[in-house]
1. Of everything in the stretch 3-37 that's among the aliphatic types (A, V, I, L, M), farther than 17 Å from residue 272 by Cβ and modelled with pLDDT of 95 or more, which residue is farthest from the chain's Cα centre (by Cα)?
2. Residue under question is residue 219, and the condition is that it be among the β-branched types (Val, Ile, Thr), under 30 Å from residue 179 (Cα atoms), out of contact with any strand residue (DSSP E or B) (no Cβ under 6 Å at 6 or more places or on another chain) and outside any loop (DSSP other than H, G, I, E, B); does it hold?
3. Hey, could you check the stretch 240-263 for residues that are surrounded by 10 or more Cβ atoms within 10 Å (Cβ to Cβ) and among the hydroxyl-bearing types (Ser, Thr, Tyr) and say which is farthest from residue 301 (Cα to Cα)?
4. Would you confirm whether or not the stretch 242-249 contains a residue that is of a type outside the set (Phe, Trp, Tyr) and in a strand (DSSP E or B)?
5. Exactly one condition in (1) more than 24 Å from the chain's Cα centre (by Cα); (2) part of a loop (DSSP other than H, G, I, E, B); (3) hydroxyl-bearing (Ser, Thr, Tyr) is not met by residue 229; state its number.
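The values are calculated or read from the model by the stated rules, or taken from the named source; none is laboratory data. Quantities reported herein were computed from a predicted structural model and do not represent experimental measurements. Virtual Cβ from ideal backbone geometry, glycine too; neighbours counted across all protein chains shown.
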Amino acid sequence: MSRAVEIKNVLSCKINEANLHSYFIDFDLNDEGKAEQMLKDFVTLLAEEIPNFALGYHQGVMVPQENILRVLIEAANSIYKIDAYEKSAETYLKGECWDDDIEEKYLKRGEFGELILHFILKYFFNTLPLVAKVYFKDSYGHAVHGFDSVHINPEEKTLWLGESKLYTDGKRGVDALVEDLFEHFNGDYFESEFTIISKRIKDTEKNLVSAGTDPESWIKLLNKYTKLSQKLNKITIPMFCAYETKLFSKDHESEEFEREYIEEISKLNERFMKKKSKHPWNKHLNIIVILVPLESKKKLISALHRKLKGLQMLGE
């Protein structure tokens, strides 16, 4: 079975429109013969993607078979050198949980939203990470860019600048995405962040060439003297939010589930579109909204931390 088929057996695409996509963790029979979400399988797939997410082309994505375990351990270690991930692990592995009113940003937004967004972009939109944010946080001791993902689609020659949220409440998550849109998509922010990203591209030039893309073409696009209209024409903006819902208390094969699922996603998308319409660049922004309803944010994050902490222990 191919990797793509494995993934699509676990993460099901429910809505697939031009600018709106929605996925959910699919169901399978458990030992008691009841339908249960494939959370364990999804977490395993995400953990296997950690080297690509954390290290990217800066250390090469083609890992020899005999080095897979070493690289997985290295990638897990790099994740937890970042303060937000380590604090999140301490909280969730104690069994503690808070709602979206908590002041600590690392608990409210969920750093693993970046990983899930990376995963979806790579396997459902055929993108590649241009800059591995975690690698440069680890290596340089600070954030490299404000965008939660910086990917490219080599075939379409498009730059994908994504934002991610992992919230308890879907409405609050969508509203937070709109805030990021206004904060990050403006001239001053573009100029400062694109300068930093361009420098990081030069650090990984050889690996990008081997992946079949010309680093200079991206550096030229990000240049301060390239017209803003030209930049926006080549930029796709995935806005990702995973959130808790009561939908999964219903039979996932029922017409009621189908109807309520589509209705819930549509309302969240309409909320986002109405709020983002006030952005001064609104007509020039190519936005794709990606929504992933969850049975439990706490279950997902806790399971991911247990998996990655387990990998860390293998290196001790």
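1. First, pick out the residues of the stretch 3-37 that are among the aliphatic types (A, V, I, L, M): 4-5, 7, 10-11, 15, 18, 20, 25, 29, 35.
If we keep only those that are farther than 17 Å from residue 272 by Cβ as well, we get 4-5, 7, 10-11, 25, 29, 35.
Subset that is modelled with pLDDT of 95 or more: 10-11, 25.
Working: 10: 17, 11: 14, 25: 15 Å.
Ranking the candidates gives 10 first.
2. Details: among the β-branched types (Val, Ile, Thr): yes; under 30 Å from residue 179 (Cα atoms): yes; out of contact with any strand residue (DSSP E or B) (no Cβ under 6 Å at 6 or more places or on another chain): yes; outside any loop (DSSP other than H, G, I, E, B): yes.
So residue 219 fits the description; yes.
3. Here the answer is 254.
4. The initial filter retains those residues of the stretch 242-249 that are of a type outside the set (Phe, Trp, Tyr), namely 242, 244-247, 249.
Those left that are additionally in a strand (DSSP E or B): 242, 244.
Within the stretch 242-249, one or more residues are of a type outside the set (Phe, Trp, Tyr) and in a strand (DSSP E or B).
5. Going through (1) more than 24 Å from the chain's Cα centre (by Cα); (2) part of a loop (DSSP other than H, G, I, E, B); (3) hydroxyl-bearing (Ser, Thr, Tyr) one by one, residue 229 breaks only (2).
Listed here are the residues, each with its yes/no results for (1) modelled with pLDDT of 95 or more; (2) under 19 Å from residue 72 (Cβ atoms); (3) in a loop (DSSP other than H, G, I, E, B); (4) under 17 Å from the mean Cα position of the chain (by Cα).
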{"position": "267", "(1), (2), (3), (4)": "yes, no, no, no"}
{"position": "274", "(1), (2), (3), (4)": "yes, no, no, no"}
{"position": "291", "(1), (2), (3), (4)": "yes, no, no, yes"}
{"position": "299", "(1), (2), (3), (4)": "no, no, no, no"}
{"position": "306", "(1), (2), (3), (4)": "no, yes, no, no"}
{"position": "312", "(1), (2), (3), (4)": "no, yes, no, no"}
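So that you can scan it fast, the table gives a plain yes or no per residue for (1) crowded, with 18+ Cβ neighbours inside 10 Å; (2) under 30 Å from residue 70 (Cβ atoms); (3) basic (Lys, Arg):
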site	(1), (2), (3)
265	yes, no, no
281	no, no, no
286	no, no, no
299	no, yes, yes
302	yes, yes, no
313	no, yes, no
